Amino acid sequence: MAAPDWVLMLPAVNASLNGVAAVLLLVGYWLIKTGRRDAHKRAMLAAFGTSVVFLICYLVYHAALHHYTGESGKKFPGTGVVRTVYLAILLSHILLAFTLVFLPLMTIYRAWKQQWERHRKIARITFPIWVYVSVTGVIIYLMLYHWPQPAAAG
């Protein structure tokens, strides 16, 4: 059975959410570097909310795709070196994404408790991982759904 359109549009939604999260993270970084704490807080909480919405949409997509098609995801169409590059990006993305279950929560908690030194310490770890995962999420989408498809044998 074919997946309905709402399921098929979720990868683009997910990539968009990842892109928005990356922009919010970079804006938040710039805001704190320019001393605008309240704006930094809003940007980082918006990035966190965007990432939570991404995770929900991501899980819904994979569950729905499996429900309608029996497939767990889309296979990468490329071969050779580009496939190796794709798999390296995907593996690093997945491994680092697991840390984002806890790191942003710890970072936000420390800010909420006004533990500024501890917040800065963990943010120095959280920020680059979070940006990397957000950006590579967009790259993975582009490679999976917009990479030139191999010509059909005919």
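The values are calculated or read from the model by the stated rules, or taken from the named source; none is laboratory data. Being a predicted model, the structure only gives us computed values, none of them experimental. Reconstructed Cβ throughout: ideal geometry from the backbone, glycine too, with neighbour counts over all protein chains shown. Areas reflect the complete protein model, heavy atoms only, side chains present, ligands, DNA and RNA absent. Shrake-Rupley method; radii C 1.70, N 1.55, O 1.52, S 1.80 Å.
What the table below lists for this structure:
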| read-out | value |
| --- | --- |
| Pairs with Cβ under 7 Å, 6+ apart, first in the range 59-73 and free of Cβ contacts under 8 Å to residues at least 12 places away in the same chain, second open to solvent by 90 Å² or more (accessible area, probe 1.4 Å) | 72/66 |
| Within the range 74-85, tally of residues that are without any contact (Cβ under 8 Å) to a residue 60 or more places away in the chain and open to solvent by less than 60 Å² (accessible area, probe 1.4 Å) | 1 |
| Qualifying residue in the range 29-46 (condition: of a type in the set (Val, Ile, Thr) and within 29 Å of residue 125 (Cβ to Cβ)) | yes |
| Tabulated pairs, the range 17-40, first in contact (Cβ under 8 Å) with a residue 12 or more places away in the chain and farther than 14 Å from residue 133 by Cβ, second open to solvent by 60 Å² or more (accessible area, probe 1.4 Å) and not charged (D, E, K, R), C-beta under 7 angstrom, 6+ apart or interchain | 40/32 |
| Close pairs (6 angstrom Cβ cut-off, 6 or more residues apart or separate chains): farther than 18 Å from residue 119 by Cβ in the range 94-105, open to solvent by less than 70 Å² (accessible area, probe 1.4 Å) and at pLDDT 95 or above anywhere | 96/129; 96/133; 97/133 |
| Qualifying position, being open to solvent by less than 40 Å² (accessible area, probe 1.4 Å) and not β-branched (Val, Ile, Thr), among 95, 105, 100, 90 | 100 |
